[in-house]
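One structure is given below, encoded as structure tokens.
Coordinate-derived values only; no laboratory data. Since this is a predicted model, take the numbers as computed values, not measurements. Please note: Cβ atoms are built from the backbone with ideal geometry, for glycine as well, and neighbour counts cover all protein chains shown.
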Amino acid sequence: MQKISFKEQNTEEVLRRLKNREDVVVLDIREPKEWATGHIPGAKHIPLGEIPYHLQEFNSNKETIVVCRSGNRSGKACELLHAKRYNVVNMKGGMRVDG
């Protein structure tokens, strides 16, 4: 099993950080229909498959918290961004919005 080389935080930890107004970027990589059902206010929306086309929009010095529905796709996004030397955190457990 490969060792994870980026940080992970659970939903409660991320919400605490946002409530404390920490200087982080939230990147929601869910598909547009998922985004439309609800998202974290102020989050940047770039679906997973489009990330390689938007790398210039990321600040490698600023921590980016990556969010998806369950934590799996955000883990893949973190692997990709971490390999490009971006400072990323996977929100494990994701953001399920049931409606």
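Numbers at a glance
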| quantity | calculated |
| --- | --- |
| Given charges at beta-carbon only (K, R positive; D, E negative), |dipole| of region 41-83 in Debye | 140 debye |
| Gained length - residue 96 relative to residue 54, 0.36 nm times residue gap less alpha-carbon distance | 12.6 nm |
| Region 23-33 - phi-based ³J(HN,Hα) in whole Hz, Karplus 6.51/-1.76/1.60, Gly and Pro as x | 7, 10, 9, 9, 10, 9, 9, 6, 6, x, 5 |
| Phi to ³J(HN,Hα) by Karplus 6.51 cos²θ - 1.76 cosθ + 1.60 over region 90-96, Hz, x for Gly, Pro | 8, 7, 5, x, x, 9, 7 |
| Cut-off under 5 Å, modelled amide H: who pairs with residue 70 long-range | 95 |
| Kirkwood Rh in Å, taken over the chain so that all alpha-carbon pairs contribute | 13.4 Å |
| Expected 222 nm ellipticity per residue - DSSP helices of 4 or more, -39500 (n - 2.57), all of the chain, to 500 | -7500 deg cm²/dmol |
| Sparse-neighbourhood loop sites, chymotrypsin sites (Phe, Trp or Tyr not before Pro) in region 14-82 - DSSP loop, at most 15 other Cβ within 10 angstrom | none |
